[in-house]
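Here's the structure we're looking at; comments come further down.
Nothing in this text is a laboratory measurement; each read-out follows from the coordinates by a stated rule. Since this is a predicted model, take the numbers as computed values, not measurements. FYI the Cβ positions are ideal-geometry reconstructions off the backbone, even for glycines, and counts take in every protein chain you see.
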Amino acid sequence: MLKIKKILIAGIIVLLAGQASFAGSVDMNEKGKILVVYATKSGSTAEVAQAIAEEFRAQNAVVDVFEVKKASQPEGYTAVVVGSAIRYGRWLPDAIKYLKTHKDQLSRIPIAYFNCGIFLVQGKPGQKEEAKKYNAPAEEIVKPVAEIGFGGKLDFGKLNFWERQLGKIVGIPAGDYRDFNVIRAWAREIFPKLSKGQVRP
Ligand SMILES: Cc1cc2nc3c(=O)[nH]c(=O)nc-3n(C[C@H](O)[C@H](O)[C@H](O)COP(=O)(O)O)c2cc1C
């Protein structure tokens, strides 16, 4: 009888523990629940977002990655990373809209920004300043704890007719200038600023 009682109590404890984690709380072993949101036109920024997420997961964080149009609100996340492809010197409008819509919630947790631009080839003189300039409108909405610009990718085959013509006139160089070693290193570097328990400075 005593044995059955013990088994029953153990069962109830396991059930309650399971419910607690379903309720959305972060497991004690996890380093937080991070949302990575990206805006893209031709898809290459999505791969950058995935690489960043993989690095966070490798450090035991729970990570969700969403294209900005499908992204949920930041409620329940301990940190957020927002990234955008650059077009005509600007973030894509959907990414800026996401920041404006969720400004209040995003202001309470650590947030980091990245952008991808064809003129942001790593190591190029003035690259950092150019990337910062691109990030400035986002920074005005919510101040990030970290930010960067990465070299992007341009595949003329993925552009529409007018974009192709414009790209040729402006002389935008086709090619893949993303350096995944740099991208992954940045994710590892900023992780301590985003992981569980961090509050905004
Ligand atoms: C019409 C057009 C305008 C662009 N303007 C810029 C720009 O101002 N600065 C820049 O660094 N890259 C610019 N790019 C390059 C893209 O930002 C780059 O290819 C980016 O990585 C694309 O990301 P995606 O594949 O996620 O859309 C432009 C590309 C196109 C097609």
query = Roughly what would the spin-label model give for Asp176 and Arg188, points 7 Å off Cα along C-beta, in nm?
reply = 2.1
request  = Run a plain Debye calculation on the stretch 100-174 (Cα atoms as equal point scatterers, no solvent) and give log10 I(q)/I(0) at q = 0.15 Å⁻¹, rounded to two decimals, same order as the q list.
outcome  = -0.65
request  = May I ask which residue of Ile34, Tyr177, Ile118 lies farthest towards the positive end of the charge dipole of the stretch 29-194, with charges of +1 (Lys, Arg) and -1 (Asp, Glu) on Cβ and the Cα centre as origin?
outcome  = Ile118
note = Surpassing 27 Å at the alpha-carbon level, of the pairs Lys97/Lys124; Lys100/Lys124; Lys97/Lys153; Lys69/Lys158, are Lys97/Lys124; Lys100/Lys124
query = Using only Cα atoms, what is the ratio of the radius of gyration of the stretch 54-201 to 2.2 N^0.38 Å?
reply = 1.08
